[in-house]
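Written out below as C-alpha cells is the structure these notes cover.
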Amino acid sequence: MTKTAFITGATSGIGKATAEIFAKHNIRLILCGRRLERLEQLQKELSKQTEVTILHFDVRDKYDVAHQIQNLPNEFKKIDILINNAGNAHGLSTIQKGSIDDWDKMIDINVKGLLYVSKAIIPQMTKRNDGFIVNIGSTAGKEVYPNGNVYCASKFAVNALNKSMRLDLNKYNIRVAGIHPGLVETEFSDVRFKGDTEKAKSVYAGYKALQAADIADIIYFVISRPYHVNIEDLVVYPTAQASATIINKE
C-alpha cells in the first residue's frame, strides 16, 4: 500500500532532498512551504515518479495551517508520515544585542510552527493507531554555543517536544523520531546572515560539510525500518565536526 508523507519546509535543503528520495520510493507526497514557485517546480519534477500535491502556507499561521490540512484532496487525507522539517536561524548575536524580531521568527517557526502542523495531523494518527512523526532538530538542541542563545533554545524545545510526543503517543502505536544534524550545507546560513553570502560561504569553507541528501537518506532509512523498530534520537555530524565549536578545517 502506498504511504503518504507530509513534509514541511520542502522548497529547499533537507526538505527538498527528502521529497526527492521519497518520490524514488513511490511515497505519495504533500509538500509544504512559503515559496510557491519552488513548490510548483518541485511538484512538476516529482510528479513523474509519484503523486504530489502542494500546500502553500507559512507554518506560523495556525489558522491557515489547520484550514489547508483539513481541506486536502481526498486521496491525500490519510497522512502516514509527518516530517516536521521547517525551521530557520536568524542572526548570530549575544543575548544582550539580539533582535526581538529575530527571536520571534525562530520561536514562531521552529517551535510553534512544528506544534501547529502536528496538532492538525496527529488526531488522525491516534484514531488509526498508526503513524510516524520525524522531527528535524539540530545539534544546537543538544549543545549551546556562543551567540546561539535563542536558536539553541528553540532547538532544545524541539528535542523536548520529540521526547514528549513519543511518551504521549506511545499507547497509540505511533512512532516518533528526532534527527539532529550538525553542519549541513544548505541555504541555512544565507538566512542566518540575512543575505551576506560571504559570511554564509565561510561557514562551510575548509572541510566537507554534510549535504542535504545525506540527511534525507538517513530520514528514509529511519522511516523504512520494520514497524516494531523506532530509531528515537539520532545525532549526525560531518566527520570534520566534533562539537558546535570544534571543526577540523584545512
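Every number in this text was worked out from the coordinates using simple rules, so none of it is lab data. Note that the structure is predicted; figures quoted are calculated from it, not measured. With ideal geometry, Cβ positions are generated from the backbone for all residues, glycine too; neighbour counts draw on all protein chains shown.
Each residue, Asn71 and Lys163, gets one label point 7 Å from its Cα in the Cβ direction; the gap between the two is 4.0 nm.
Simple rule: put +1 on each Lys or Arg Cβ and -1 on each Asp or Glu Cβ in the chain, find the dipole, and look at Thr126, Met165, Pro146; the Cα lying farthest toward the positive end is Thr126. Comparing Cα centroids, segment 56-77 and segment 221-250 end up 30 angstrom apart. For segment 83-192, the spread of Cα positions along the three principal axes, ordered from largest to smallest, is 47, 24, 23 Å.
Ranking Gln211, Thr186, Phe22 by how far each Cα lies toward the positive end of the dipole of the chain (charges on Cβ) leaves Phe22 at the top. Report note on the peptides 41-48, 160-167, 111-118: ranked by the mean count of other C-beta atoms within 10 Å, highest first, their order is 111-118, 160-167, 41-48. When the P(r) of the chain is calculated, the portion above 35 Å amounts to 11% of the C-alpha pairs. Taken over the C-alpha atoms, segment 1-76 has Rg and Dmax values of 11.6, 33 angstrom.
Charge dipole of segment 4-236 (Cα centre as origin; +1 on each Lys and Arg Cβ, -1 on each Asp and Glu Cβ, all else neutral): 460 debye, rounded to the nearest 20.
How high is the relative contact order of the chain, given as a whole-number percent (alpha carbon pairs under 8 Å, six or more residues apart)? Mind dumping the intermediate values first?
Values: 461 pairs, mean separation 47.4, N = 250.
Relative CO of the chain lands at 19 percent.
Note on segment 18-55 and segment 106-124: Cα centroid distance 21 Å, given to the nearest whole angstrom.
Among the listed pairs Lys62/Lys155; Lys3/Lys105; Lys24/Lys199, which have their C-alpha atoms separated by more than 26 angstrom in this model?
Going by Cα-Cα distance, Lys3/Lys105; Lys24/Lys199 fall outside the 26 Å limit.
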